[in-house]
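Shown next, in structure tokens, is the structure this report addresses.
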Amino acid sequence: MSELITKSAAELATLVRTGEASAREVTDAHLARIEQVDGNAGYDKDAVGETDVHAFLTVTADAARAQADEIDAARARGDELPPLAGVPLATKDLFVTKGTETTASSNILRGWIPPYDATVVTKLRQAGTISLGKVNMDEFAMGSSTETSAYGNTRNPWDLGRVPGGSSGGSVAAVSGMMAPLATGTDTGGSIRQPAALTGTVGMKPTYGRVSRWGMVAFASSLDQAGPIARTVEDCALMYTAMAGHDPKDSTSLPNDVDDVFASLRTGIEGLRIGVVTELQGDGYEPGVSASFAEALTRLEELGAEIVEISLPHAPYGLPAYYLVAPSEASSNLARYDGTVFGTRVDAPTSEEMNAATRAAGFGTEVKRRIMIGTYALSAGYYDAYYQQASRIRTLIANDFKAAWEHADLLVSPSSPGVAFEFGSKSADPIAMYLNDVATVPGSLAGIPAMSVPSGLDEQGLPVGLQIMAPLLREDLMLRAAWAFEQATGFDTTPRGANAVATPQGARA
Amino acid sequence: MTEMITYTRKDGVTEPLTDERIGWQLDGYRLVVGLEVHVELTELKTKMFSSDPIDFGGDPNTRVGPVTAGLPGSLPVANKQGVRSAALMGLALDCGIAGTCEFHRKNYFYPDLPKNYQISQYEIPLCHDGFLDVVVDPDPAYGDEGDEPIGRRVRIERVHMEEDTAKSSHSGDTGRLHGADKSFIDLNRAGIPLLECVSRPDVRTPEEAQAYVRELIAVVRAIGISDARMEEGSIRCDANVSVHIPGEPLGTRTEIKNLNSVRSIGRSIAYEAERQVRAIQAGETIVMETRHWDESAGVTATLRRKETLADYRFFPDPDLTPIVHTDQQIEELRAGLPELPKQARARLAEAGIAADIVITLVDNDLVPWLDDAVAAGADASTAANWITGELLGACAAAELDVHACGLSGTWMGQLAGLVADRTLSNKLAKQVLQVALKQGGDRSPSEVAEAEGLQQVSDEGALQAIVDQVIARNAKTVEDIRGGNAKAIGALVGQVMGATKGQADPKLTNQLLQRAING
Amino acid sequence: MSLTPDEVRHVAMLARLAVTDDEVAALAPELNAILGYAEQVGEVAAHGIPTTVHPIPLTNVLREDVPGEVLDREELLAQAPAAEDDRIVVPRIVSED
Ligand SMILES: [Mg+2]
Ligand SMILES: [Zn+2]
């Protein structure tokens, strides 16, 4: 197995630019890795083998090779190459891709071939990345384990008996499993940060509105935000730079210019005030997570940061508010899946029965649960107590963060209250599953940038993530701290342990 | 003891009812009507929330992008000109314009609604609290006195922006929903910008309802936001109708949907009012329902019972941003309003044009024609008469739309000018008009007259010769006239006309005959 | 606040989801547990607090009235589960909108 799969995106881009490796070689290496560890069950959940990671639903090998050849030809001509030329990418199946099946991991969209591309897809292609295909996720991004996918589980490369987190489970598994150095993720309540934490990868949710939502299948419009997943902070910064920016097709897209996050990336955190959020630690967090978090604080202090205690008094209401706002918006966003204009249809004598039967057959249990909750929360007589009240709590939480920035430059917490759990262990209890998002949801409701960076392993050898949160549009500051922390931690992102994914030859340090 | 009588507004607020005209009545029951009018912004180029083009008459499903189809991942962006059109409409109706308003989603499943929600406005519409003044003829049956036209003010509750639905057609013999075994969806209409204008329940007679809609159409055309063609669906009207005994609370209302002509608005309301009174008298209860107007049978019939009140689950659309208007922007828009029908009416009345002619001009969107005619040198009253009388009459006879007849206000002004300078008699001018209507307006009236040999003979020398011949041939008639039978001169005029193929200037002919006979 | 099976059926009707009696029986306690948890939001005195939708409020994001690209009709109809005569086909419609 080629060493190329162990390289970071930044390294690969340099190799391709200097001609030390061709884009074709890089692409073939990653396709071979997919072949080695992912199985090729695709959309057939019954075909997922016991040791298959099953990150990919579709592998677009031919298109990827053709794109790689174009890059190599461009280099041969002496053309200037875009910044991520030749770097393989895994695309979350929530992004619509022209000509390539897009399902949001739902049966209701099985077979849907979109006639257009998401802005993120276009921008990343223009940046030179080579999409290897579409990756698995929780159905419509609703879940924290990727177990709600209609197309079978994705396994955590660190322990194939455990979940990779979710909803961007396929994305983190592809990156952690070295099938791609980069993957797109989407984060509504923690769907980038929590799975990144559970797989020892770096995942970043930018400020709401920073990355276009055009062509991203909507879950909860006021919270959905796309972001990068990588194995290094630098790669995350590179991919963020390629994804971010104003898009006139998205009314909520921010018009502000995107700051150069590289200017300060390697300048350290000496003198920065880093706030520890009182409400986002302690009870409900696994001991291994708490221990790693305590270690992380020591490390940050050693790097010259000043650690301060910060209270976000309304943070405990974040999760209940989130589980009203997100399902409410979802109930409306998902109304269009009714078997009329696109997607699957279950035939019935009347349109009304056809819609109801299509939706009953096409949506999974968790999606139906959330549609029901959201429909109820918006219905006459309950709107004010539920949706409105939750939207007011968003304001209070945003105000808590504003007050916090008076005393701290950044905030930190564990990314997730626990490490990767075993398949099925939380599926029976929706609230136990929802609690996975307890640390990430406050930042989502406030729209601030937040990311997860590996902080070490727990006593079982499973990865733990540190969440770093920054003021609105301060991705630069956040990445700077994450980079300093990453350098100091020296975390090896290679999955290892008794039940880990097969190691590529020579991949271990 | 008079209890305040109230009604419930669209946004749920309760308000008192106003009542100054008795209006329609039957066995002590009176009529209360509120009107909802949807206006398609046909003059825009693109849809309300996407750049998909609006051009009517396109093949099915050819004006559809990802947003119109409601494809996953697609997002709406509001049309700037759509917002502007809505604000102009509000200002034309003397509404207040909201400093900040937002778009809401109205959630309901229907095959003609691709996303299964309609983007509309709910709590805060763009325009609120306006009015539209209309004029109706007095009717003693409605308690009116005198024969002066009656001015009525219909208050406007709101004007809001929304998107249109797709068009569905149905299989089967009738082409209607009932009895069809499947339906066909054409998404071209989906997303077309709509304004919904909601009146307060101030209408008290079927004729007031008609006058309201006619005036609304005139306003829409004056500000140029829609072609306002009811028969083509670019104006759609629903009427909320109830009856009650004065002093008692309002009766349950029914909604008559999709009335597609001014005539059916009047007929359906009159029918529905009487139906409700008779039903109440027969001990039946009026149920809240939607009714369909059958124009050929002349009846309304139940379309849908609202057994459970619709639950639209309105909430602010998180995909769109609020719309903000500063006071200065509102004043700039107001300053840019063109002349409104009510202003045109006042101006024309001032210019001495008769009231009924003014109404005809305004209702037919012909005020600009008159202005052009006057600019071409015609006298206002004369030109107005020619336009509303001869031109409209001739167009109606030829089944022509006056705005597509090929002529223009300038052309009509020139025609009136030829009559005024006696190049043409009235009769000849009418002939010129007929010819031009057949041929189109490429040639000016004088060119048509010349080409057709229709000029009036008003050359005194030429006419004198003919007059002399006629007098010489009719010595007996001349004697009669001299003997006191003045009327007999008509026969001589007729002969002169005959000799000139009707082209002699009648006034001059008369003068010359008088002079020849009486010296 | 506790949802009865009939209320669950009503909400499912609003959401256009066909549900069996078994599903209603399973959904009712789940939904009640989730709503019971979410109802904590009521503990916060938030009256008069404005709502937040976008953390960086934008206004007047508007588009010029300029036509753009549309989908090829064949491409549009190819996505539809049923099409005929250049239109999308749905079975008999019972309710009037
Ligand atoms: Mg529909
Ligand atoms: Zn409407």
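The values are calculated or read from the model by the stated rules, or taken from the named source; none is laboratory data. Just so you know, these numbers come straight off a predicted model, no measurement behind them. Neighbour counts are summed over all protein chains in view; Cβ atoms, including those assigned to glycine, are modelled from backbone coordinates with ideal geometry. For accessibility, only protein heavy atoms count, side chains too; no ligands or nucleic acids. Shrake-Rupley method; radii C 1.70, N 1.55, O 1.52, S 1.80 Å.
I want the antiparallel fraction of DSSP beta bridges within chain A, as a percent rounded to 5. Working shown, then result.
Details: 29 of 44 bridges.
Of the beta bridges lying entirely in chain A, close to 65 percent run antiparallel.
Take peptide A:352-364, look around each residue's Cβ out to 10 angstrom, count Cβ atoms belonging to other protein chains, and average those counts. Intermediate results must be reported in sequence, preceding the final value.
Working: counts 12, 5, 8, 9, 8, 3, 4, 6, 7, 1, 0, 2, 0.
Taking the mean over all residues of the peptide, I get 5.
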Checklist outcome for this item: The Cα extents of chain A along the principal axes, largest first and rounded to whole Å, are 64, 55, 47
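For every helix of n ≥ 4 consecutive DSSP H residues, a contribution of -39,500 (n - 2.57) applies; sum these over chain B, divide by its total residues, and give [θ] at 222 nm rounded to the nearest 500 deg cm²/dmol. Intermediate results must be reported in sequence, preceding the final value.
Details: 17 runs with 184 residues, N = 519.
-10500 deg cm²/dmol, from helical runs alone.
Work through the residues other than A:Gln460 whose Cβ is under 14 Å from its Cβ and net out their charges, Lys, Arg +1 and Asp, Glu -1. Could you put the intermediate results ahead of the total?
Working: positive: A:Arg162, A:Arg496; negative: A:Asp159, A:Glu286, A:Glu422, A:Asp458, A:Glu459.
Local net charge: -3.
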Checklist entry - Of the cross-linked pairs A:Lys92/A:Lys123; A:Lys45/A:Lys92; B:Lys430/B:Lys507; B:Lys45/B:Lys182; A:Lys249/B:Lys115, which ones have a Cα-Cα span greater than 21 Å in the structure shown? => result B:Lys45/B:Lys182
Item to check | Cβ-based net charge around C:Asp86, under 14 Å, with every Lys or Arg adding one and every Asp or Glu removing one | outcome: -3
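The stretch A:44-139: Rg/Rh from Cα coordinates, Kirkwood Rh?
Values: Rg = 14.8 Å, Rh = 14.4 Å.
My calculation of the ratio gives 1.03.
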Item to check | Residue-wise HN-Hα coupling along the stretch B:146-159, computed from phi with Karplus coefficients 6.51, -1.76, 1.60 (Hz; x: Gly, Pro) | outcome: x, 10, 6, x, 9, x, 10, 9, 9, 7, 9, 6, 6, 10
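Suppose a student asked you for the relative contact order of the stretch B:98-236, using Cα pairs under 8 Å spaced at least 6 residues apart; what percent would you report?
Numbers: 243 pairs, mean separation 28.5, N = 139.
The normalised contact order for the stretch B:98-236 reaches 21 percent.
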Item to check | Partnerless cysteines, meaning none of the other Cys C-beta atoms lie under 4.7 Å away, in the protein assembly as shown | outcome: A:Cys236, B:Cys101, B:Cys197, B:Cys237, B:Cys395, B:Cys405
Checklist outcome for this item: Expected vector for the stretch B:486-501, Karplus 3J(HN,Hα) from phi with 6.51, -1.76, 1.60 and θ = phi - 60°, integer Hz, x for Gly and Pro, equals 4, 4, 4, 4, x, 4, 5, 4, x, 5, 4, 4, x, 5, 9, 6
Checklist entry - At a probe radius of 1.4 Å, what is the per-residue accessible area of A:Asp492, in Å² to the nearest 10? => result 50
Checklist outcome for this item: Taking placed amide H atoms and a strict 5 Å upper bound, the residues 5 or more places from A:Met137 or on another chain that come that close are A:Gly170
Item to check | Segments B:191-203, A:433-445 sorted - mean Cβ within 10 Å per residue, highest first | outcome: A:433-445, B:191-203
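How charged is the neighbourhood of B:Leu392? Take every other residue with its Cβ under 12 Å from the Cβ of B:Leu392, and add Lys/Arg as +1 and Asp/Glu as -1.
Working: positive: none; negative: B:Asp363, B:Asp365, B:Glu390, B:Asp401.
Once all neighbours under 12 Å are counted, the net charge is -4.
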Next on the checklist: Placing unit charges on C-beta atoms (Lys and Arg positive, Asp and Glu negative, everything else neutral), compute the dipole magnitude of the stretch C:1-49 about its Cα centre in debye, rounded to 20.
Outcome noted: 200
Next on the checklist: Averaging the inverse of every distinct alpha carbon separation and then flipping it gives the Kirkwood radius. What is it for the protein assembly as shown, in angstrom units?
Outcome noted: 33.6
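Using just the alpha carbons, could you tell me how many Å³ per residue the convex hull of the stretch A:268-388 encloses?
On the way: hull volume 21.2 nm³, N = 121.
Convex hull volume per residue, Cα atoms: 176 Å³.
Other chains near B:40-49: what is the mean number of their Cβ atoms within 10 Å of each residue's Cβ? Write down the numbers at each step before the final one.
Working: counts 0, 1, 0, 1, 2, 4, 6, 3, 1, 2.
The mean count of partner-chain Cβ atoms within 10 Å per residue comes to 2.
Inside 10 Å of the C-beta atoms of B:113-124, what's the mean count of C-beta atoms belonging to other chains? Write out the running numbers ahead of the final one.
Numbers: counts 5, 7, 6, 10, 5, 0, 0, 0, 0, 0, 0, 0.
The mean count of partner-chain Cβ atoms within 10 Å per residue comes to 3.
Applying 1/(1 + (r/R0)^6) with R0 = 45 Å to the Cβ-Cβ distance of B:Arg229 and B:Ser381, what FRET efficiency is obtained, to the nearest 0.05?
Working: r = 30 Å, r/R0 = 0.67.
Computed FRET efficiency for B:Arg229 and B:Ser381 comes out at 0.90.
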Next on the checklist: Quick check for me: using +1 on Lys/Arg Cβ and -1 on Asp/Glu Cβ, what's the dipole size of the protein assembly as shown about its Cα centre, in debye to the nearest 20?
Outcome noted: 1320
Checklist outcome for this item: Karplus ³J(HN,Hα) for the stretch B:394-401 (6.51 cos²θ - 1.76 cosθ + 1.60, θ = phi - 60°; Hz, whole; x = Gly/Pro) runs 5, 5, 4, 4, 8, 6, 10, 7
Next on the checklist: Positive end of the dipole of the protein assembly as shown, charges at C-beta (+1 Lys, Arg; -1 Asp, Glu), about the Cα centre: which of B:Gly393, B:Ala472, A:Thr51 has its Cα farthest in that direction?
Outcome noted: B:Ala472
Next on the checklist: Projecting each Cα onto the charge dipole of chain B (Lys/Arg +1, Asp/Glu -1 at the beta carbon, about the Cα centre), which of B:Leu437, B:Val262, B:Gly490 comes out farthest on the positive side?
Outcome noted: B:Gly490
Next on the checklist: Let's see if you can work this out: charge +1 on each Lys and Arg Cβ, -1 on each Asp and Glu Cβ, no other charges. What is the dipole magnitude of the stretch A:35-122 about its Cα centre, in debye to the nearest 20?
Outcome noted: 280
Checklist outcome for this item: From DSSP H assignment alone, runs of 4+ in chain A each adding -39500 (n - 2.57), the sum over residues rounded to the nearest 500 puts [θ] at 222 nm at -10500 deg cm²/dmol
Checklist entry - So for the stretch A:147-232, taking the charge dipole from beta-carbon charges (+1 Lys/Arg, -1 Asp/Glu), which of A:Gly166, A:Thr232, A:Met216 sits furthest toward the positive end? => result A:Thr232
Checklist outcome for this item: For chain A the mean separation of alpha carbon contacts under 8 Å (6+ apart) over residue count, i.e. relative contact order in percent, is 18
